[in-house]
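First up is the structure itself, then whatever we jot down about it.
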Amino acid sequence: MTTLSAFNKFTSVLSEQESLMPVLFIGHGTPMNGIQDTEFSRKWTALGKEIPTPKAVLVVSAHWLSKGTRITAMDFPKTIHDFGGFPKELFAVQYPAPGSPSIAKETASIIKSTTVVEDHDWGLDHGAWTVIRHMYPKANIPVLQLSIDYTKGPQYHYDLAKELYGLRKKGVLIVGSGNMVHNLGMVAWDRLNDAEYGYDWAKQINGTFKDLISKGHHDKLIKYEALGKEALLAIPTPEHYWPLLYTLALQGKKDDISFFNDKVVGGSLTMTSVKIG
């Protein structure tokens, strides 16, 4: 139960800052990035040192789909191992970052387009902890997750995300975690270790996505199905793409855009990530 004193503490802790927190879209790739020293995980570690220390992290992960929108609201979210077929070392990982019921309540209150349910059952799935544990290895920053309503379309998600903009003013780092190009059915598993091996269509549409992001053409990215067959191959199901829309919706007029981990993996996956601000 969140007390009034706890809520007052929240509002004072998250007072507005002079500068906006950046926003990140992270191509998270295989869960093994959570425990391996890779070029991708090294960049996540570097990011944690480069950007201002957040007062909290809010993750929109491709791996938490729900009917309606939910936010984790427990004191200590569990580490979810939502995958199979990986080494036991990966299942042994725990990321004991605290949650924050008060921040969950405030976040739910600023979203007016729908009723956000405070959730006490979920936790941190691999779209969240495999990335955040590299950024903040001490697990001393509150981490929350916001679910994605699978019954809604891309425009809905983009518009909902805009309502989160005020959190940037209060020191909250918002992270969308997915992959721009994510077609597991076409992965060349025998070429996962071939540097930047990618199908022509994957490279082409990834370049198109980057160009549209750079030019601020969010309308075309929302209506991605009109971008041709390459987009449909890249996004056979939308859950890994939706977190990108949550990120783009939070872009301000003065924000710089930069890309990192811009690589194709296994032919039909891209790790391309975006920093806004």
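The values are calculated or read from the model by the stated rules, or taken from the named source; none is laboratory data. What you see is a predicted model; the values in this text were computed from it and never measured. Cβ placement follows ideal geometry from the backbone for every residue including glycine, while neighbour counts extend to all protein chains displayed. Note: areas computed on protein heavy atoms with side chains; ligands, DNA, RNA excluded. Shrake-Rupley method; radii C 1.70, N 1.55, O 1.52, S 1.80 Å.
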Reported set for region 230-259 where residues are more than 17 Å from Y156 (Cα to Cα), in contact with a Gly (Cβ under 9 Å, 6 or more places away or on another chain) and either open to solvent by less than 30 Å² (accessible area, probe 1.4 Å) or at pLDDT 95 or above (or both) is P236, G252, D255, D256, I257
Looking only at region 203-217, and only at residues there that are of a type in the set (A, V, I, L, M) and touching a residue at least 12 places away in the same chain (Cβ under 8 Å), the one that is nearest to G176 (Cα to Cα): I213
If you check every pair at least six apart or on different chains, which have Cβ atoms under 8 Å apart with a residue in region 218-242 that is among the β-branched types (V, I, T) first and a residue that is surrounded by 14 or more Cβ atoms within 10 Å (Cβ to Cβ) and part of a helix (DSSP H, G or I) second? I222/P154; I222/Y158; I222/L245; I235/Y224
Taking helices (runs of 4 or more DSSP H) that fall entirely within region 164-229, which contain at least 2 residues that are among the charged types (D, E, K, R) and exposed (fewer than 13 other Cβ atoms within 10 Å of the Cβ)? 200-215
For region 120-156, name all the residues that are open to solvent by less than 10 Å² (accessible area, probe 1.4 Å) and without any contact (Cβ under 8 Å) to a residue 60 or more places away in the chain. G123
Could you give every pair whose Cβ atoms fall below 9 Å, whose first residue belongs to region 43-58 and is open to solvent by 30 Å² or more (accessible area, probe 1.4 Å), and whose second residue is of a type in the set (G, A, S), counting only separations of at least 6 or pairs across chains? K43/S273; P52/S19; P52/G171; T53/G171; K55/G171
Residues of region 260-277 being open to solvent by 10 Å² or more (accessible area, probe 1.4 Å) and among the small types (G, A, S), in sequence order, are G277
Qualifying positions in region 253-277 - within 16 Å of the chain's Cα centre (by Cα), within 17 Å of K162 (Cα to Cα) and not in a strand (DSSP E or B): G277
What residue, among those in region 72-119 that are of a type in the set (K, R) and farther than 21 Å from T30 by Cα, is surrounded by the most Cβ atoms within 10 Å (Cβ to Cβ)? K105
Among the residues of region 52-77, the number that are touching a Leu at 6+ places or on another chain (Cβ under 7 Å) and in a loop (DSSP other than H, G, I, E, B) is 3
